[in-house]
Amino acid sequence: MKKRPDYLLFDKNTTSLIYGMQTKAVQRMLDFDYCCRRTTPSVAALVDPGKFGSEKVFWGKKEIFIPVYPDVKTALKKHPDIDVMINFASFRSAYDTTMEGLNEPKLRTIVVIAEGMPERQARHLRAVAVERGKVIIGPATVGGIAAGAFKVANTGGTIESIIESKLHRPGSVGFVSKSGGMSNEAYNIIALNTDGLYEGIAIGGDAYAGSTLLEHLLRFEANPAIKMLVCLGEVGGEEEWKIVEAVKTKKIKKPLVMWVTGTSIKYMPKGIQFGHAGAKADASRETAEAKNAALREVGVVVPESFDDYDKAIKATYEGLVKKGVIKPAPEVEPPVIPMDYAEAVARNMVRKPTNFTCTISDDSKDELLYAGHKISKVIGENYSVGETIGLLWFKERLPKWAAEFMEIVLKLCADHGPAVSGAHNTIVTARAGKDLMSAVASGILTIGPRFGGAVAGAALMFKAAQDAGQSPDAFIADLKKKNIKIQGIGHRIKSLKNPDMRVELLKQYARKHFPRTKLLDYALEVEQLTTAKKDTLILNVDGAIGVLSVDMMYGLGWDEERIQTVVNSGGLNGLFLLGRTIGMIGHYMDQCRQKAELYRHPWDDILYDLPADE
Amino acid sequence: MAQRGIREYHGKRMLARHLDGFCEESVGYDGHIVLVDKDTDWNKLKKDNPWLKTDKLVAKPDQLFGKRGKHGLVLVNKDIAETKKWIDERMGKKQVVNGIEGTLTHFLIEPCIPHEAEYYVAIKSTAEGDAIYFSLEGGINVEENWDKVVAIKVPILGGIEDVNVEKALPAALGKNKKMVASFIRGLYKYFAALHFAYLEINPFAIAGNKIVPLDMVAKLDDTAEFCCNKLWGEDIEFPAAFGQNLSPEEMKIRELDALSGASLKLTLLNPEGTIWNMVAGGGASVIYADTVCDLGFAKELAFYGEYSGNPSTSLTYEYAKVVLDLMTRKPDAKKRPKTLILGGGIANFTDVAKTFTGIIKALNEYGEKLKKVNARIFVRRGGPNYQEGLANLKAAADKLGVPIEVHGPEYHMTRVVSDALKTGKGK
């Protein structure tokens, strides 16, 4: 590749590496590139200490990968054309990382974004850069831009601002300032009053900048494409006096429009800190007035106030056009960059159908909502666990009697000793050294028609029979004929004479508090008939919970369709599932506490009954 | 922030803690010094610092101002009882120093050391490198005798190792030359390692084989806090300039500023003024203030301030409320309208409409008060969503019945200032 002349830091082929995972800045650079119709992205690599990988960014409409390297050296080895480093390292590490860049012979320009680098470090970096013929822009800068060619990081703001300020194609003006914020404004002023910017640099507002206003003006002076210079100085420091000297000694011959800000500082209390660290006049030479006057005296175009800055730029530009020095740059229509989806949403410019619907909770608002109830209300008004379940399962705050029923069920189902399949599996899994989730999941996976999962089935069967007007006799006969076991009937040892205390408690509660117990009554009639055949064929705890859940829903005044939907969903098994999870977690913790070893089932407890040895 | 002054007390304590570590031979400064304020427990102070009871003492205010001797604010060669009496008489009293009135709040006390010669040494950081200044004639007249000061430049890359300090010092130092050179080399290393921006010991004295700093002025580069806080010590502070007494509103903005990542600043200039610039951005805010002054209205500028760094809607609201409250306290004595300039450049990525939401909320709260002071509003701002922001602002002011003009980036940034000042003159 042809070497660029010294006065040109950036052109249309310049490629850079970004130190730090600043994907937004990278995207903004690539959008700019696309607008300028660059053929290759201006960012060739990212550096993130210790990492290899890649980042996905848009190149127009298409997504491309930018590689990520663990250090500057590796990035440069893979991409030998890179000669610009944009350093986003924080003020803590900006010095070391910039040194890393200065040690690379191929890097020519290093932009240091960090604010708050110690002055001594910044000064040392500059001295090293000068010694090695490199250019540092910053620290504490937004960077700079070569219109239509290369944009440093976040310079120029949004792509709309960039196009409005005509930065997507080169004009004839070179601009340099300390302030990054004001450079944006200056590009706008230049676009409104001239044929546009050629190159703009913000050197940063710190007391010791890596490169100076004058150094950039001298580059612009040497660049034949730049016809006029615009500069914005600042109170404090000696920088502007060097420009006075350069104009006086004809080192700068191109027309220069300049204004030094901070003229109001003399009306401010002593020691006031203006925007920038460097903006502080220690001597009368460093005041804005003194510098403006000196610049004016050597022939620099200095307006009376910033309010005439635009007019001064316009007049100077028009003079150059008249003289034929400037042939106004043609306007160029930039290609349209597709808007980012997130931004289009923010601006109400797009809509799309959703893939999911949620009607029970909302975390997208300021405060978490359960079925429209703010979490602060749920806690503030001390909603019970039953009421909270009501919000999330049934989307309403249950009355006390129903909420309490739910809680009774949870308490009754919470555990049933270590021998049942759920607890057993949990214990065996815990003893195999697995985590809580695995242990509880293996327990939960045993819940089904034979263990704990008959709640929903019982509700479904009994409700269907009662709805159909079947007598308990017919119901039993019908199922017998089909050879189907009645869900919720039968216990291993309990009988009418030796009742299950849990079922008794549920019945007592329902009789006392439920508005109706019609399905329970029906189920008890069935029980009378089944226990006549075998005394352990009682309404068991699953069955009681199932039929009472249906009675509860009727008692709440719900319509038939709503109740049937809940019953059909099988969701009533959730009562057992939720309750029993408490016990399973308990068993897991119990085993961990004991440091229980791996369980191995004894051989003598297994009948080995294989085909005979052949 | 950057270069900030520290108290002489902290400067000398740091010197006593660390200087010997940078010197070839011990300088022998013992760091006997105490700082007292109105809450000092003198009995504890005496117990912790037995030398207070045995030595003859020196006392002076320690509040970042110089020329204390010329203002009669140095007490020399007295015992602790007399010293305490002298301080008690001055503590909390108003004092005019170099034309600025402030309150005396902090005094230092140290032993009065008998000595012969008084030398001057200062180290200053500049863009080209550090410079060491030395004079045989230290004391209050060093500036008048600047031609007798020796300047020693220290190159940035080579550092002090590349400099022959001893050769640069005046021959008249005689037998003390070697000792002074060694002290200056150590002092420079200390200056660099602790990120000083300025350090002046004027004068320092030689007492036997010890070097004693008698008076010291120091500024630290506060951005080095992250790497130097241990060396600076836990008790380091950066006091406000003498006489800088903050109003409650200024205090409030400082608190808001400290609480958030955004930047909020407010310095009252003339609360009776008719021009109220509420400007986004550090650079732009200076230019708006400049333009008011350049156009001849400096006296009318009510305050200097800025908000930047993407402040939240609520933070902008709080800031606007403070400004509007100050602005609407009473109408102008000459019945002139009060002008609120909501200015700013073109924002990079800050959502202008969002920031304006906070301002609109505050305007709505102060609508009636704004009308009572005959307020007018001039707006100029660019950046993401500026059209929507300007339209919302205009609708809100129209509804309140407060005259308003809004402009976007097509309008020169400060033209609203000249517009406002012109119409102000006309009425």
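Out of curiosity, is A:D31 acidic (D, E) and touching a Phe, Trp or Tyr at 6+ places or on another chain (Cβ under 8 Å)? When the stated conditions are applied, A:D31 passes them.
Would you check if B:S312 is of a type in the set (S, T, Y), within 14 Å of chain A (Cβ to nearest Cβ) and touching a Ser or Thr at 6+ places or on another chain (Cβ under 7 Å)? No; evaluated as a whole, the condition is false for this residue.
Taken over region A:551-565, the criterion of being surrounded by 20 or more Cβ atoms within 10 Å (Cβ to Cβ) and either touching a Leu at 6+ places or on another chain (Cβ under 8 Å) or of a type in the set (V, I, T) (or both) is satisfied by A:D551 alone.
Considering only residues of region A:102-127 that are touching a Lys or Arg at 6+ places or on another chain (Cβ under 8 Å) and outside any loop (DSSP other than H, G, I, E, B), which is nearest to the other protein chains (Cβ to nearest Cβ)? The selected residue is A:L102. Of note, A:A225 does not satisfy the criterion of being in a loop (DSSP other than H, G, I, E, B) and under 19 Å from A:N154 (Cβ atoms). Checking each residue in region B:52-65 for being surrounded by fewer than 16 Cβ atoms within 10 Å (Cβ to Cβ) and either hydrophobic (A, V, I, L, M, F, W, C) or part of a loop (DSSP other than H, G, I, E, B) (or both) picks out only B:K56. Test of understanding: among B:I123, B:I132, which residue is modelled with pLDDT of 95 or more, within 14 Å of chain A (Cβ to nearest Cβ) and surrounded by 19 or more Cβ atoms within 10 Å (Cβ to Cβ)? That would be B:I123, the only listed residue that is modelled with pLDDT of 95 or more, within 14 Å of chain A (Cβ to nearest Cβ) and surrounded by 19 or more Cβ atoms within 10 Å (Cβ to Cβ).
For region B:242-266, name all the residues that are surrounded by 16 or more Cβ atoms within 10 Å (Cβ to Cβ) and more than 25 Å from B:I360 (Cβ to Cβ). Of everything in region B:242-266, those that are surrounded by 16 or more Cβ atoms within 10 Å (Cβ to Cβ) and more than 25 Å from B:I360 (Cβ to Cβ) turn out to be B:F242, B:G243, B:Q244. Output yes when any residue across region A:139-146 is surrounded by 24 or more Cβ atoms within 10 Å (Cβ to Cβ), out of contact with any helix residue (DSSP H, G or I) (no Cβ under 6 Å at 6 or more places or on another chain), at pLDDT below 95 and facing another protein chain (nearest Cβ under 10 Å), and no when none is. Yes, the conditions are met somewhere in region A:139-146.
Right, A:P303: at negative phi and at pLDDT below 95 or not? No. Scanning region B:101-127 for residues that are touching a strand residue (DSSP E or B) at 6+ places or on another chain (Cβ under 7 Å) and polar (S, T, N, Q) returns B:T103, B:S125. Across region A:173-194, the number of residues qualifying as surrounded by fewer than 24 Cβ atoms within 10 Å (Cβ to Cβ) and more than 12 Å from chain B (Cβ to nearest Cβ) comes to 0.
Remark: pairs (first residue in region A:327-352, within 19 Å of B:N385 (Cα to Cα) and within 14 Å of chain B (Cβ to nearest Cβ); second residue of a type outside the set (F, W, Y) and part of a loop (DSSP other than H, G, I, E, B); Cβ separation under 6 Å; 6+ apart in sequence or on different chains) = A:A344/A:V350.
May I ask you to verify whether B:F349 is aromatic (F, W, Y), more than 11 Å from every other protein chain (Cβ to nearest Cβ) and under 35 Å from the mean Cα position of the chain (by Cα)? No. Answer yes or no as to whether A:I408 is more than 24 Å from A:I360 (Cα to Cα) and touching a residue at least 24 places away in the same chain (Cβ under 8 Å). Answer is no for this residue. Could you tell me whether region B:285-303 includes any residue that is more than 14 Å from chain A (Cβ to nearest Cβ) and of a type in the set (K, R)? Scanning region B:285-303, I find no residue that is more than 14 Å from chain A (Cβ to nearest Cβ) and of a type in the set (K, R), so the answer is no.
Please work out which residue is farthest from the other protein chains (Cβ to nearest Cβ), limiting yourself to region B:221-238 and to residues that are charged (D, E, K, R) and in a helix (DSSP H, G or I).
Looking at the filtered set, the residue picked out is B:K230.
Residues in region A:572-604 that are crowded, with 17+ Cβ neighbours inside 10 Å and either outside any helix (DSSP H, G or I) or more than 39 Å from the chain's Cα centre (by Cα) (or both): A:L572, A:Q591. Is it true that some residue in region B:198-218 is crowded, with 21+ Cβ neighbours inside 10 Å and assigned to a helix (DSSP H, G or I)? Checked region B:198-218: no residue is crowded, with 21+ Cβ neighbours inside 10 Å and assigned to a helix (DSSP H, G or I). What is the residue count in region B:366-390 for residues that are more than 20 Å from B:K335 (Cβ to Cβ) and within 14 Å of chain A (Cβ to nearest Cβ)? So the answer is 10.
For region B:370-423, taking the residues that are aromatic (F, W, Y) and in contact with a helix residue (DSSP H, G or I) (Cβ under 8 Å, 6 or more places away or on another chain), the one that is surrounded by the fewest Cβ atoms within 10 Å (Cβ to Cβ) is identified as B:F378. None of A:E387, A:E407, A:E381 is surrounded by 20 or more Cβ atoms within 10 Å (Cβ to Cβ) and of a type in the set (D, E, K, R) except A:E387. Candidates B:K94, B:K84: the one that is modelled with pLDDT of 95 or more and either over 30 Å from A:V130 (Cβ atoms) or out of contact with any helix residue (DSSP H, G or I) (no Cβ under 8 Å at 6 or more places or on another chain) (or both) is B:K84. Among the conditions (1) of a type in the set (D, E); (2) within 12 Å of chain A (Cβ to nearest Cβ); (3) surrounded by fewer than 21 Cβ atoms within 10 Å (Cβ to Cβ), B:E306 misses just one, which is (3). Screening B:T339, B:T316, B:T355 for residues that are in contact with a Lys or Arg (Cβ under 7 Å, 6 or more places away or on another chain) and surrounded by 23 or more Cβ atoms within 10 Å (Cβ to Cβ) leaves exactly one candidate, B:T339.
Just one of (1) touching a residue at least 12 places away in the same chain (Cβ under 8 Å); (2) assigned to a helix (DSSP H, G or I) fails for B:K47. It is (1).
Quickly run through region A:257-271 and pick out the residues that are more than 7 Å from chain B (Cβ to nearest Cβ) and either assigned to a strand (DSSP E or B) or of a type in the set (F, W, Y) (or both).
Passing the criteria: A:V257, A:M258, A:W259, A:V260.
No other residue among A:V244, A:V230 is in a helix (DSSP H, G or I) and crowded, with 17+ Cβ neighbours inside 10 Å apart from A:V244.
The values are calculated or read from the model by the stated rules, or taken from the named source; none is laboratory data. Computed from a prediction, not measured in an experiment: that's the story for all the values here. Cβ coordinates were reconstructed from backbone atoms using ideal geometry, including for glycine residues, and neighbour counts include every protein chain displayed.
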